[in-house]
Amino acid sequence: VRFLDNPYYHQTLKAKTGLEKEVYDFVINQEPAKIFFEKMLSMLLFLYPHYEEEGKSNLSIAIGCTGGKHRSVAIALALSEELGKKIKNIRVEHRDITRQS
């Protein structure tokens, strides 16, 4: 999601993560993020039943950004919250959230 405005370059947000409301709202409320989110959610809700029909036990989704602390975290969190309303056993891992810059 490197196409979104990066909270890292905003002094009040730089040290925070996408798990914090201020950063989450900053990312999610960008118009391109809203469009991306809806398209991604629609695609995943379409794909999931087909994966189940094929007997797949896992569907991995990776969301990336530059540092792994702001944009990707917020988008992954939003997707997991929305998908969790229809799909059970969602696990989210923010691989780089604690990595030093």
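The values are calculated or read from the model by the stated rules, or taken from the named source; none is laboratory data. If you're wondering where the values come from, they're calculated on a predicted model, not measured in any experiment. When we count neighbours, we look across all protein chains shown, and the Cβ atoms used for this are built from the backbone with ideal geometry, even at glycine. Note: areas computed on protein heavy atoms with side chains; ligands, DNA, RNA excluded. Shrake-Rupley method; radii C 1.70, N 1.55, O 1.52, S 1.80 Å.
Would you say V1 is hydrophobic (A, V, I, L, M, F, W, C) and not in a loop (DSSP other than H, G, I, E, B)?
no
If the requirement is being of a type in the set (K, R) and within 22 Å of D25 (Cβ to Cβ), which of these qualifies: K69, K88, K56? Break it down stepwise before answering.
Details: K88 fails: within 22 Å of D25 (Cβ to Cβ); K56 fails: within 22 Å of D25 (Cβ to Cβ).
Residue meeting the stated conditions: K69.
Select, from T12, T17, the only residue that is out of contact with any strand residue (DSSP E or B) (no Cβ under 8 Å at 6 or more places or on another chain), of a type in the set (V, I, T), open to solvent by less than 60 Å² (accessible area, probe 1.4 Å) and not in a helix (DSSP H, G or I).
T17
Given E82, E22, E52, which one is part of a helix (DSSP H, G or I), in contact with a helix residue (DSSP H, G or I) (Cβ under 9 Å, 6 or more places away or on another chain) and without any contact (Cβ under 8 Å) to a residue 24 or more places away in the chain?
Going through E82, E22, E52 in turn, the sole match is E22.
Just the residues that are free of Cβ contacts under 8 Å to residues at least 12 places away in the same chain and polar (S, T, N, Q), please, taken from the range 30-49.
Matches in the range 30-49: S42 only.
Is it the case that S72 is among the polar types (S, T, N, Q) and either surrounded by 13 or more Cβ atoms within 10 Å (Cβ to Cβ) or in contact with a strand residue (DSSP E or B) (Cβ under 8 Å, 6 or more places away or on another chain) (or both)?
Here the answer is yes, as S72 does meet what is asked.
Here are some residues: F37, F3, F46. Which one is over 25 Å from Q100 (Cα atoms), of a type in the set (F, W, Y) and open to solvent by 90 Å² or more (accessible area, probe 1.4 Å)?
Matching residue, one of F37, F3, F46: F46.
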